[in-house]
1. Restricting to segment B:185-229, what's the tally of residues that are β-branched (Val, Ile, Thr) and either touching a Phe, Trp or Tyr at 6+ places or on another chain (Cβ under 6 Å) or farther than 20 Å from residue B:262 by Cα (or both)?
2. What are the pairs, 6+ residues apart or on separate chains, where a residue within segment B:211-222 that is facing chain C (nearest Cβ under 8 Å) has its Cβ under 6 Å from a residue that is among the small types (Gly, Ala, Ser) and part of a helix (DSSP H, G or I)?
3. Among the residues of segment C:133-150, is any facing chain B (nearest Cβ under 7 Å), farther than 17 Å from residue C:179 by Cα and surrounded by fewer than 16 Cβ atoms within 10 Å (Cβ to Cβ)?
4. I'd like to know if segment A:106-118 contains one or more residues that are in contact with a Leu (Cβ under 6 Å, 6 or more places away or on another chain), of a type in the set (A, V, I, L, M) and under 16 Å from residue A:51 (Cα atoms).
5. For segment A:197-227, give me each residue that is over 25 Å from residue A:135 (Cα atoms), assigned to a helix (DSSP H, G or I) and touching a residue at least 40 places away in the same chain (Cβ under 8 Å).
6. Select from segment C:162-189 the residues that are touching a Leu at 6+ places or on another chain (Cβ under 9 Å) and of a type in the set (Asp, Glu) and write down the one among them that is nearest to the other protein chains (Cβ to nearest Cβ).
7. Within segment C:4-90, considering only strands (runs of 3 or more DSSP E) that don't extend past its boundaries, which have at least 1 residues that are over 19 Å from the mean Cα position of the chain (by Cα)?
8. Looking at (1) within 14 Å of another protein chain (Cβ to nearest Cβ); (2) assigned to a loop (DSSP other than H, G, I, E, B); (3) more than 30 Å from residue B:233 (Cβ to Cβ), which is the only condition residue B:147 fails?
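The values are calculated or read from the model by the stated rules, or taken from the named source; none is laboratory data. For clarity, every value in this text was computed on a predicted model and none was experimentally measured. Using ideal geometry, Cβ is built from the backbone for each residue, glycine included, and neighbour counts are taken over all protein chains shown.
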Amino acid sequence: MDIFIQQVVNGLVLGCIYALIALGYTMVYGILGIINFAHGEVLMVGALTALSAILGLQYLFPGMPQWLMLVVATLIAMPVCAFLSYGIERIAYRPLRNAPRLAPLITAIGISIILQTLAMIIWSRNPLIFPTLLPSSPIDIFSTGAVITGKEIVIIVLSFVVMVGLLLLVNRTKLGRAMRATAESPRIASLMGVNPNAVISATFMIGAALAAVAGIMMATNYGNAHFYMGFIPGLKAFTAAVLGGIGNLAGAMIGGILLGLIESLGAGYIGDFTNDIFGSNYQDVFAFIVLIVVLVFRPSGIMGERVADRA
Amino acid sequence: MFNNTLNSPAKKVLAIAGFIALALLAPFIAQTFGGNYWVRILDFALLYIMLALGLNIVVGFAGLLDLGYIAFYAVGAYLMALLSSPQLTSQFADLAQLFPAGIHLGFWWVLFIAGPIAALFGVLLGAPTLKLRGDYLAIVTLGFGEIIRIFLNNLDRPVNITNGPKGINAIDPVVFFGIDLSKAQELFGIKLSPGLMYYYLIMVLVIAVVFISLRLQHSRIGRAWVAIREDETAAKAMGINTRNVKLLAFAMGATFGGISGVVFGAFQAFVSPESFVLWESIYVLAIVVLGGMGHIPGVILGGILLVGFQEVLRELAEPAQKMLFGHVYIDAEVLRQLLFGLALVVVMLYRPSGIWPAPKREDRPVVRTRSHSSRLEGGM
Amino acid sequence: MPPASPHPLLNVQHINKRFGGVQALDDVGLEITAGQIYGLIGPNGAGKTTFFNVITGLYTPDSGTFMLDGQTYQPTAVHEVAKAGIARTFQNIRLFGEMTALENVMVGRHVRTKAGVFAAVFRPASARHEEAAIEDMAHDLLEYVGIGQYAHYTARNLSYGHQRRLEIARALATEPKLLALDEPAAGMNATEKVELRALLDKIRRDGRTILLIEHDVKLVMGLCDQMTVLDYGKVIAQGLPQDVQKNPAVIEAYLGTPAH
């Protein structure tokens, strides 16, 4: 029983990160109907950019409080990722809007590879240490036996703040209305005066900013960052988006947290269930199995999908 | 009648003959000018071409975007590894007792059973994907590919079947009528290195695969695949059992992948999960897509170009940088990947049907000489 | 195929289909006699194409009985419907664009032929004969519908009118008992409609049964032996064209209630 709470806590942290990444996938799929394969790489760039920013700040302003360094680094990484994602959309997706489905997928894979290799060149092929700027000493959770660290609390709280912020943006602002309209039908939205290209760009940029935050959270949580850190989490986050209902924001959030919990509890208990034939080293497989099961048995996800009518 | 002289039958025959001659002589040329290293490059090029031809059936003919194709390569390779090496007998005492001389089924027998086994995997992995649309199909197949790799990587505990990340070595080589292809032979005074002999073996298989692909392409099944690719609903409405026909595409593609894997296992004498990572699936897909989807000569060209370019880059990247900049800024390996990614983007943007796509048919009116009278009136 | 002796070919009754809050088909039924041209008309949105989609298996009905040529058929597996003998065309033409006209029609032969992988690769005599027969019949069908010389044209390059004929030829290739045409005259000019009418007449003369959705009332009245009129998913009239034409409910559906 004691590992249950711990795994739930771990799963919640993981899930929040997945949720933030999943939002990017789901928003893009809702509007364009394509999987932004390169999204995982955006989070990687966010983490590495923040790393460089932190190193720079540590050098230039050694007296700055650590948490402030993290905040500043995040505020630097977010626009960088936003512009990167904007560029990806303009270069790799926009010209292929009317091409068969295969084409944007291939360019996305190409961009993914390019970003990974550029990261290898600019930063390093090896994992780099990401400084722990948030309290990471374990805090006992009442008397459950489970522990949580300060940084994990920050991750969870910040994720919820961001998610609420996004929901407010989408439901209460003019841009949000434009996004929802474009997601339903770009053609009709444009007839109402919405510029679909601008909305699409905004969607990519917002998703990228979220991914940057997620990447920094990941790096903070695990203590390192490297060029390959975005790929598998990206895939898993996409699974989460599908699980919750692709195109559905609330679905992405729920799907993300749910997937984190499934993965964490699965990894924790699989050994017991299978008499140690399968251990936690099969953790990655869970997300894939969830993906396959969802797509085969309930492709519209938990909360139902919302994809544009592109007639 | 033939506007484009390049397409005149005489020139076509000449081109094909020239290509065949080059293909037959290539290993000798490589051996003379480059040595064994370059002969082995040719061998791997042929293996990739065979893989790409298999994937071409799934992606090119039937339009099913498979991003996990390398899993079938792995199935074939590990079949060879498990059935023709000391691995199983060294891990399981019962088996060692049953087979005191070891399990050495041999290349030819493994090849024989690998086809159907791989086909079965093709059906198993394809079945859940039948109702999925393009992107989802890609991701799910990717997932399957990764699942298989993870299993191969971890099936060394609690019982050691695959030896995990360490891989399986000492795989038996191909023995052809008593001749061990992994040992250099001499024929009429010409030295035949293992790489050279394997080249011709693989080439024979590639030719078989090309033959089968061509036959399939111009057949009832081939038409059904293209119909599904073009408009699945209309295909169903015309009576095509799309589920079975799609599974057939997966099965055929998997069969070729599996056979390639068996050869790979015997050739390299060593297999490990490292050879079956997602990157490899993407690489084979790139050969198909960049070469010319659905177009067999294009796929072959794609294979030659991609592997060739990769090797040339490997040789030249660092010396060139040293010469130009005095310093190696980018590793050859990293540069190769970077350019590969760029190639994917650029080709999709500017030449989406590939470097050598199926030639556009010119619309020409029919001149039929057959008489066809009474069958038409009075219904059919 | 000699003209069939009149017997019920298609008998579908009590078909219901609901989409969310909309009852698209409400207890719809009709019976088509072999050798007829049967018309299905009604205002836009009446449910005609929904009906087509239900009887050909693209939509799953909520209820209904389905009999073709005296035998019950399961309208849920689309390809089984074609095998049983209903072939259709689509309102928005759905050809295999990249294939030639000939290849499109050859695909239509798929359901009546059987060459598999083995036959494709080894080409035994039986398979070669089958291929030759497929190609011959495809050529014949293209000529039958009047586009014989376009056999080697890529389908997407054909003119609109020719594409419609090609779709008909492809459907005929499945040797259907019932040929179901969804607005085959849509987008055609007067001359093309005259030619289409001649073609449909010819098909009927040659013993085939046709179910026709059409908006062109004149075309339909002159061509059809019997009709059903749908409005808001319900059958509002059934019978001979001249009777249906005079039916007040039909007039109201199309023209609205007359001002008093």
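1. 5
2. Cβ pairs passing all conditions: B:215/C:120; B:216/B:222; B:216/C:120; B:219/C:120; B:221/C:120.
3. Taking every residue of segment C:133-150 in turn, at least one turns out to be facing chain B (nearest Cβ under 7 Å), farther than 17 Å from residue C:179 by Cα and surrounded by fewer than 16 Cβ atoms within 10 Å (Cβ to Cβ).
4. no
5. A:197, A:199, A:200, A:201, A:203, A:204, A:205, A:206, A:207, A:208
6. C:167
7. Of the strands (runs of 3 or more DSSP E) lying wholly inside segment C:4-90, those with at least 1 residues that are over 19 Å from the mean Cα position of the chain (by Cα) span C:8-19, C:22-33, C:63-68.
8. (2)
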